[in-house]
Every structure is written in structure tokens, then in C-alpha cells.
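Notes follow the structure.
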Amino acid sequence: MEFCASNFDVNRVYWSPRHIPNVISSIRILLVAPIALALAHHQLTATIILFGVAALSDAADGFLAKRYGWQSDLGAVLDPAADKLLLVTVFITLAYLKLVPLWLMAAAVARDTIIVVGALLYRLWFGPLNVRPSVVSKFNTLCQAAFILAVVGREQFSLPPVWVGSVLGALVFVTVTVSGIDYVLIYGRRALSLKKPRAAARAGDRRP
């Protein structure tokens, strides 16, 4: 019996409140498929509710992580991944339903693709990249969420007015472009700052 108790203690998975933000981010990822399916089947009220829950979860995990110091390396990956997966999936679905123009969907998807591919290449060539979302990037995420809700709300309830969706769409395009360029510049500056010392080190190694 003593051996069994000892073995149980070794294999026990310990729970900590620090995992709460990661659990919330994981739930947001799980909501992506139901939201896309509801939207594709034109169940727009359900789409608004589920998307609203996802948006609130994004605010909740960020607040808890910062308020109680529950940040983690896993959370730094899960949170932005959940946001990008949700927004890209919904934009593609809206474009398929012809509720948003293809060029706006392409711009939003291209921006997130550039960020993800750039981060992967940087990690492959230079190592981990710790980049916090800029103010423009956070504002872009907010604009995208508001635009999606406006488009779906307009289709279902004829609200808000058309001009609201147009303004939000313009803001999405501008912030997508600016934040995308900003991330490219960040990757470029970080890469150059690491490349110069490495080049100097290699040159020193070749000296007699």
C-alpha cells in the first residue's frame, strides 16, 4: 500500500490557478469550429453569441494573466494563436458567404500569415523571439472583432447602419496594413541586431 501511495504522488498532475488563462485560451480555440459552422449555416444569432463569448474570453485571459502574474511561455503562444485562428477562420467564412470583400479578407489573412511565418523563420534562424503586441496590433484585433460583429449583426438584425460597417472595414484595412509593416520592421531590426555580431564573430575566427 505504501508503494502504491508513493507511485500515485509521483504521477499526480497538480493543478494551479496559473493554468486558468491557458485553459480559457484553449476554450477559445475549441470555439472556432462551432462559430465557423454556425456562420456557414447562417445561424447568425448563435454566431454572435459564440463570437461574443470568444471575445470576452480573450479579455478575461489577458486580464487574469496580467492581474495575478499568471503569464507563461505556453500562454504566450496559445493566446495569440487562438486570436489569429478565430479571426482568420471567421474572415474566410464571411468572404465565402460574400459578406465581406475578398480583398479585405486577403489583407487580414496575409497579415497574420506574415506574422506567423516571420516568427517561425526568426526562431529557426536566430532563436526565440519575444515580441509583445503593439498598440496598433491590439487596436487591429479590436477593429476586426467589432467589424465581424457589425457585419453579422447587419445581416441578421439590419443593425448597425451600413456606414458603421464601412468605417470599421476601413479601420481594419488600415490597421492590418500598419501592424503588418510594423511586425516586418520588428523582425528585420531584431534579425540585423543579431546578424552583425555573428558576422563579426565569424570574421574574427577567420583571422590568423
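The values are calculated or read from the model by the stated rules, or taken from the named source; none is laboratory data. Keep in mind that what you see is a predicted model, and the values were worked out from it rather than measured. Note that we place each Cβ from the backbone using ideal geometry, even for glycine, and neighbour counts take in every protein chain shown. Heads up: the accessible areas ignore ligands, DNA and RNA and are worked out on the full protein's heavy atoms, side chains in. Shrake-Rupley method; radii C 1.70, N 1.55, O 1.52, S 1.80 Å.
From the helices alone, meaning DSSP H stretches of at least four residues, give me the mean residue ellipticity at 222 nm for the chain, per-run term -39500 (n - 2.57), in deg cm²/dmol to the nearest 500.
That calculation yields -29000 deg cm²/dmol at 222 nm.
Report D for segment 52-202 in µm² per second (integer): Stokes-Einstein, Kirkwood Rh on Cα pairs, 37 °C, 0.692 mPa s.
194
Mind ranking 156-169, 132-145 by how tightly packed they are, going by the mean number of other C-beta atoms within 10 angstrom, highest first?
The densest-packed peptide leads the list: 132-145, 156-169.
Residues in segment 53-94, backbone N under 18 Å from the label point at LEU120 (7 Å along the Cα-to-beta-carbon vector): list them, ranges by number please.
Under 18 Å, as judged by backbone N against the label point of LEU120, lie 77-89 of segment 53-94.
If you take the square roots of the eigenvalues of the alpha-carbon gyration tensor of segment 46-99 and sort them as a ≥ b ≥ c, do you get rounded (a/c under 1.5), prolate (a/b over b/c) or oblate? Let's see the in-between values first.
Working: a/c = 4.83, a/b = 2.03, b/c = 2.38.
The shape class here is oblate.
Which FRET efficiency value, to the nearest 0.05, do you get for HIS19 and HIS42 by plugging their Cβ-Cβ distance into 1/(1 + (r/R0)^6) with R0 = 45 Å?
Calculated value: 0.80.
Residues with beta-carbon under 15 Å from that of LYS66, excluding LYS66: net charge, scoring Lys, Arg +1 and Asp, Glu -1? Working shown, then result.
Values: positive: ARG18, ARG67, ARG132, LYS138; negative: ASP58, ASP61, ASP79.
Once all neighbours under 15 Å are counted, the net charge is +1.
Suppose every Lys and Arg Cβ carries +1 and every Asp and Glu Cβ carries -1, with no other charges. What dipole size does the chain come out with about its Cα centre, to the nearest 20 debye?
About 1060 debye.
Tell me, what is the per residue accessible area of the chain in Å², probe radius 1.4 Å? Could you put the intermediate results ahead of the total?
Numbers: 13030 Å² over 208 residues.
Averaged over the residues of the chain, the accessible area is 63 Å².
So what is the diffusion coefficient of segment 79-140 in µm² per second by Stokes-Einstein at 20 °C and 1.002 mPa s, using a Kirkwood Rh over Cα pairs?
Working: Rh = 12.8 Å.
After rounding, the answer is 167 µm²/s.
Could you state the orientation-averaged shadow area of the convex hull built on the Cα atoms of segment 13-113, in nm² to one decimal?
About 7.1 nm², averaged over all directions.
Given the Cα-Cα distance of LYS98 and TYR68 and 0.36 nm per residue of separation, how much length would full extension add, in nm?
Result for the pair: 6.5 nm of gain on full extension.
Within the accessible area of the chain, what % is carbon and sulfur when the probe is 1.4 Å and the other protein chains stay in place?
Carbon-and-sulfur percentage of accessible area, whole number: 70.
Where does the Debye-calculated log10 I(q)/I(0) of segment 126-178 sit at q = 0.17, 0.29 Å⁻¹, using only Cα point scatterers of equal weight, no solvent?
-0.56, -1.03
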